[in-house]
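Below is one structure; the comments refer to it alone.
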Amino acid sequence: MNVRYWVDLSQIERSELRALLSSGKHASRKLKRAQISLAADAGAGDEEIARSVGVGGSTVYRIKRRFVEGNLERALSDEPRPGAERKLSGKEEALLVATACASPP
């Protein structure tokens with residue numbers, strides 16, 4: 001983690017984040033990411049941000065990187081996660097349901 005990312009929010013983004021934090025009707029992950037973004041824009045160090053928000057240093061680094069490489073929306077939202085492959089195909093699943101719902105022999 002020797003690369004440093006600098007978060008530079010526009011005035012509109014700052015006001016959007018403050019409104020997001022003041023409403024409090026969002027997921028806690030999103031609120032913490034907003035706090036991290038605002039603190040990074042204010043010039044606080046990674047360790048200081050991590051301590052004040054209650055997250056790890058790698059989380060602060062990751063949020064800052066996602067903002068710099070993408071935009072504010074990418075920094076606030078979850079990255080897509082790869083899911084496990086389906087164990088049954090559609091036909092196999094239909095057969096299983098039909099077998100389970102049928103009367104016993």
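If neighbour count is taken as other Cβ atoms inside 10 Å, put Arg65, Arg51 in order from fewest to most.
Arg51, Arg65
For helix 90-101, what angle does its Cα long axis make with the longest principal axis of the chain, in degrees from 0 to 90 and rounded to 10?
Long axis of 90-101 versus the principal axis of the chain: about 60 degrees.
Over the chain, what relative contact order in percent results from Cα pairs under 8 Å that are six or more residues apart?
25
Rank Trp6, Ile36, Val53 by how far each Cα sits towards the positive end of the charge dipole of region 1-97 (+1 on Lys, Arg Cβ; -1 on Asp, Glu Cβ) and give me just the farthest.
Sorting the options by dipole projection puts first Val53.
When a/c is below 1.5 the answer is rounded, else prolate if a/b is larger than b/c, else oblate, so apply that to region 1-81 with a ≥ b ≥ c taken from the square roots of the Cα gyration tensor eigenvalues.
Because its axes are fairly even, with a/c under 1.5, region 1-81 counts as rounded.
Under a cut-off of 13 Å between alpha-carbon atoms, report the aspartates and glutamates in cross-link reach of Lys32, not counting same-chain residues fewer than 8 places apart.
Asp78
Considering only Ala94, Ala42, Ala75, give the residue with the highest GNM mean-square fluctuation for the chain, with springs between Cα atoms whenever their separation is below 10 Å.
In the Gaussian network model the winner is Ala94.
If you build a Gaussian network model of the chain, linking Cα atoms that sit under 10 Å apart, which residue out of Leu88, Leu38, Leu20 swings the most?
So, out of Leu88, Leu38, Leu20, the one fluctuating most is Leu88.
Most mobile of Ser15, Ser23, Ser77 per a Gaussian network model of the chain (Cα springs, under 10 Å)?
Of Ser15, Ser23, Ser77, the most mobile in the Gaussian network model is Ser23.
Can you give the charge dipole size of region 18-86 about its Cα centre, rounded to the nearest 20 debye, using +1 on the beta carbon of Lys and Arg and -1 on the beta carbon of Asp and Glu?
260
From the residues Val97, Gly70, Ala84, which one has its Cα farthest along the dipole of the chain in the positive direction, the dipole being from +1 and -1 charges on Cβ of Lys/Arg and Asp/Glu about the Cα centre?
The Cα lying farthest towards the positive end belongs to Val97.
At 222 nm, what helix-only mean residue ellipticity would the chain give, in deg cm²/dmol to the nearest 500, using -39500 (n - 2.57) for each DSSP H run of four or more?
-19000 deg cm²/dmol
Every number in this text was worked out from the coordinates using simple rules, so none of it is lab data. As the structure is a prediction and not an experimental result, all values here were calculated from the model. As a convention, Cβ positions derive from the backbone with ideal geometry for all residues, glycine included, and neighbour counts pool all protein chains shown.
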